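Heads up: the structure comes next, in structure tokens.
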Amino acid sequence: MPTLSDKKAIVEEITDQLNSSNAVYIANYKKMSVADMAKLRGEFRKGNVLFKVYKNTLIKRAMDAIGGYEELYQHLEDQNGFAFVDEELAAPAKVLKDYIKDHKKPQFKAALIDGDYYNEDQLDTLASMKSKNEVIGDIVGLLMAPISNIVSGLQAQGSNIAGAVQTIAEKGEK
């Protein structure tokens with residue numbers, strides 16, 4: 001049984017994790033085997049997501065210390081696992097959606113992403129969010145489109161002018 005100092009250390013670990021994460025997801029892993037949990041953790045690792053199991057009372061203490069997590073308190077029941085992510089905020093949702101599709105577990109309960117609350121009905125919405133790199137790619141593509149159009153237009157005009165000059169030159173030779 002963990003001592004008081006052990007519990008304080010765990011709460012401190014959770015607090016650090018919450019402070020360094022932009023999103024936390026809660027999933028109920030009730031009735032999952034150890035092998036299934038190991039497989040799920042492996043899937044989260046592939047997506048650079050930290051997935052940990054903590055006692056609900058300890059995570060609530062850490063959330064209380066930081067503040068802003070009140071909407072998640074109602075979900076701190078049963079056997080929960082917590083996914084923490086900093087950069088790719090939709091990564092846990094994508095992992096959960098794929099895993100649930102194949103295994104029917106765990107049950108997604110809620111997420112808090114950049115202070116916004118998402119409930120269990122919004123997993124599909126979260127999973128369809130673009131990653132940071134995809135958004136940056138879209139922005140770069142939008143910014144590059146006008147430049148590409150200008151360059152293409154200038155190249156087309158240049159080839160038209162060159163063709164016209166060549167035609168005139170050929171007529172002058174005859």
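Has the range 52-67 got any residue that is in contact (Cβ under 8 Å) with a residue 60 or more places away in the chain and in the same structural domain as residue 121 (by TED's automatic domain parsing)? Break it down stepwise before answering.
So in the range 52-67, the residues in contact (Cβ under 8 Å) with a residue 60 or more places away in the chain come out as none.
Taking every residue of the range 52-67 in turn, none turns out to be in contact (Cβ under 8 Å) with a residue 60 or more places away in the chain and in the same structural domain as residue 121 (by TED's automatic domain parsing).
Residues checked against (1) part of a loop (DSSP other than H, G, I, E, B); (2) under 23 Å from residue 91 (Cα atoms):
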site: 2; (1), (2): yes, no
site: 39; (1), (2): no, yes
site: 65; (1), (2): no, no
site: 68; (1), (2): yes, yes
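Only one of these is within 21 Å of residue 126 (Cα to Cα), surrounded by 20 or more Cβ atoms within 10 Å (Cβ to Cβ) and of a type outside the set (Phe, Trp, Tyr): 50, 40. Name it. Break it down stepwise before answering.
Working: 50 fails: surrounded by 20 or more Cβ atoms within 10 Å (Cβ to Cβ).
Answer to the selection: 40.
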Matching residues, the range 44-69, being on the phi > 0 side of the Ramachandran plot and not polar (S, T, N, Q): 67, 68
Every residue from the range 106-136 that is touching a strand residue (DSSP E or B) at 6+ places or on another chain (Cβ under 8 Å) and either basic (Lys, Arg) or in a strand (DSSP E or B) (or both): 107, 108, 109, 110, 111, 112, 113, 117, 118, 119
Output for the range 4-37, where each listed residue is touching a residue at least 60 places away in the same chain (Cβ under 8 Å), of a type outside the set (A, V, I, L, M, F, W, C) and not in a helix (DSSP H, G or I): 21, 22, 25, 28, 29, 30, 31
The range 23-37, residues that are buried (at least 16 other Cβ atoms within 10 Å of the Cβ) and not hydrophobic (A, V, I, L, M, F, W, C): 25, 28, 29
Residue match in the range 88-95 (condition: acidic (Asp, Glu), surrounded by fewer than 17 Cβ atoms within 10 Å (Cβ to Cβ) and either in the same structural domain as residue 8 (by TED's automatic domain parsing) or in contact (Cβ under 8 Å) with a residue 60 or more places away in the chain (or both)): no
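The values are calculated or read from the model by the stated rules, or taken from the named source; none is laboratory data. All values derive from a computational prediction rather than experimental measurement. Because the Cβ atoms are built from the backbone with ideal geometry, glycine has one as well, and the counts that use them run over all protein chains shown.
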